[in-house]
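Beneath this line is the structure, given in C-alpha cells, with notes to follow.
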Amino acid sequence: MTNVFSRLIGQDAVAEELQAAAHAAREVAARLDGGPADASGAEGPTSRSRAAMTHAWLFTGPPGSGRSVAATCFAAALQCHADGEVGCGECRACVTAMAQTHADIRHVVPQGLSLSVHEARDVVQAAARRPGTGRWQIVIVEDADRLTEQAANALLKAVEEPAPRTVFLMCAPSVDPEDISVTLRSRCRHVPLTTPAVADIERVLIDRDGIDPERAAWAAGVCGGHVGRARRLATDDEARAQREKALGLARAATRDSTAYAAAEALVKSAEEAAKAISAELDESETEEMRTALGAGGTGKGTARPPRGSAGALKELERRQKSRATRVSRDMLDRALVDLAALFRDALVVSVGASVTAMHPDKADLVGGMAEYASPERLLRCVEAVLECRTALDVNVKPKFAVDAMVAKIGIAMNSGR
C-alpha cells in the first residue's frame, strides 16, 4: 500500500502542503507530551507553529475534487505511527483512519438536508475529549455548507477555543458566505482543491478500478471532473440511464407534448434511485436499533418492548426519511448540472469559442441546439436550470421546480420561431 496522499488525484501541491503540516504536527504533539506545553495550549497548534500546523482546516473544491478524501488522508497522516514518514498507509493508525474506524477520528456527515444545532453540540462535546490511542482528537465535518446558522455558531466556539489535542477538518464547496460562515472560515486554514484533469481520472479508473480503457476514457470525459461519478458512469447502467434522461430533457422541453412528461420522468427516476440507495441503509440501521432495544431476545421480560423504544424507532424513521429526501435532491441536482452543461456546450459552439466540451459524446445534439437557438436563448436556458437548482435549495417541491424550468426552457428555445 502506498502513502495515503497518493489517493489525492491531481492534487500534488495540496499533498505536499498537508505532508509538511503533518510533520510539524508531530513536533507540536511531542511538546505537548513532554515539553513545556501546558493545558492552555501555549505551545499547542494555535501558537508559533501555526504557519505549518493549526487546529482548524477548511478544505474547499467543486464536487468530485476530493475534499473529504483530502481531509481523511490528512487525519491519517496526523495519527500515523511510522517513523520518519507521515501517512505511510501501512500502520494500524493509517489503515483504521482510511477505513473510517479510528477511535480518535470522528466523521460528521449530515444525513438530512442540513446539520442541526443538536448534532453540532454533540460534535463539540466529542471534540473536547482527549485522544485515546492517537496523537489528536480529530473531527471531520463533511458538507460543512449544510450547517444551519445555529449549528455554525455552536461549532464556532469550539473552533475558537479548541482543546490542545483537538483538530477540526471541515469540507465545503467554496469560501463563499453561502457555503461557510465568514467567522468560521476566518478561524480556519484554507486548502483549496481543483478539479482533477481528465487524464488523471482516466488513469485512476484503469489502474485502480480495472475498468476497460475505452469505457474509462468516456467516463472521465463526461463526468465533469467528479471522480466518484466517473466510476459510477463506467460501472452502473442506472447512472448512465439517469444521465440520458437528464440530457434528453433539452429536446423534450421544446415540445409541449413531451416537456412535462419528461420532467416528471426525471423527478421520478431520481426519487426511485434514492429509495433504492436508502432502503439498504434503512434496513440495516433499523435492525441494529431493534437488536439494541432487545428485539429477538429470550427470557423473562423480553415479550414487552422496553420503555422508550417506540420513540427511538420513530426518531430513527424521521432521520431516515430526511436522508432519503437529501439523496433524492442530490441526484436530481446532479442531473440538472448535466443539463446545464449541455446548454453550456451548445452556447460555446454557437459563439465559436474554443473550450473543452462537458459532454463530448453529444456533439451532434449540441450542434443541432446551436443551430436551433441563438446564444442569448441558450443562455436563458442555462439560467433556467440554475434557477431550478436554487429553488430546490430552498425546499421548493421538485415537481414544481422542474416543471417551471422546462416551461422557461421551452419559451427560450422556441421564442422567435
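Below are the figures for this structure:
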{"read-out": "Any pair with Cβ under 7 angstrom, 6 or more apart, that starts in segment 1-23 at a residue that is closer than 21 Å to residue 134 by Cβ and outside any helix (DSSP H, G or I) and ends at one that is open to solvent by 60 Å² or more (accessible area, probe 1.4 Å) and hydroxyl-bearing (Ser, Thr, Tyr)", "value": "none"}
{"read-out": "Neighbours by Cβ (under 8 Å, 6+ apart or cross-chain): first from segment 390-417, in contact (Cβ under 8 Å) with a residue 24 or more places away in the chain and surrounded by fewer than 20 Cβ atoms within 10 Å (Cβ to Cβ); second among the hydroxyl-bearing types (Ser, Thr, Tyr) and assigned to a helix (DSSP H, G or I)", "value": "403/260"}
{"read-out": "Single unsatisfied condition, residue 131 versus (1) open to solvent by less than 40 Å² (accessible area, probe 1.4 Å); (2) part of a helix (DSSP H, G or I)", "value": "(2)"}
{"read-out": "Only listed residue being open to solvent by 60 Å² or more (accessible area, probe 1.4 Å), modelled with pLDDT of 90 or more and closer than 24 Å to residue 14 by Cβ, chosen from 189, 185", "value": "185"}
{"read-out": "Check on residue 194, of a type in the set (S, T, N, Q), outside any helix (DSSP H, G or I), open to solvent by 40 Å² or more (accessible area, probe 1.4 Å) and within 30 Å of residue 156 (Cβ to Cβ)", "value": "yes"}
{"read-out": "Count of segment 24-36 residues which are of a type in the set (A, V, I, L, M) and either touching a residue at least 40 places away in the same chain (Cβ under 8 Å) or not in a helix (DSSP H, G or I) (or both)", "value": "3"}
{"read-out": "Residue in segment 105-117 that is exposed (fewer than 15 other Cβ atoms within 10 Å of the Cβ) and modelled with pLDDT of 90 or more present", "value": "no"}
{"read-out": "Residues (open to solvent by less than 70 Å² (accessible area, probe 1.4 Å) and either under 22 Å from residue 389 (Cβ atoms) or without any contact (Cβ under 8 Å) to a residue 24 or more places away in the chain (or both)) located in segment 359-375", "value": "359, 362, 363, 365, 366, 367, 368, 369, 373, 375"}
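The rows are residues; the columns are (1) modelled with pLDDT of 90 or more; (2) part of a helix (DSSP H, G or I).
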site	(1), (2)
209	no, no
234	yes, yes
272	no, yes
291	no, yes
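The values are calculated or read from the model by the stated rules, or taken from the named source; none is laboratory data. This is a predicted model, so every value here is computed, not measured. Glycine also receives a Cβ, built like all others from the backbone with ideal geometry; neighbour counts cover every protein chain displayed. Note: areas computed on protein heavy atoms with side chains; ligands, DNA, RNA excluded. Shrake-Rupley method; radii C 1.70, N 1.55, O 1.52, S 1.80 Å.
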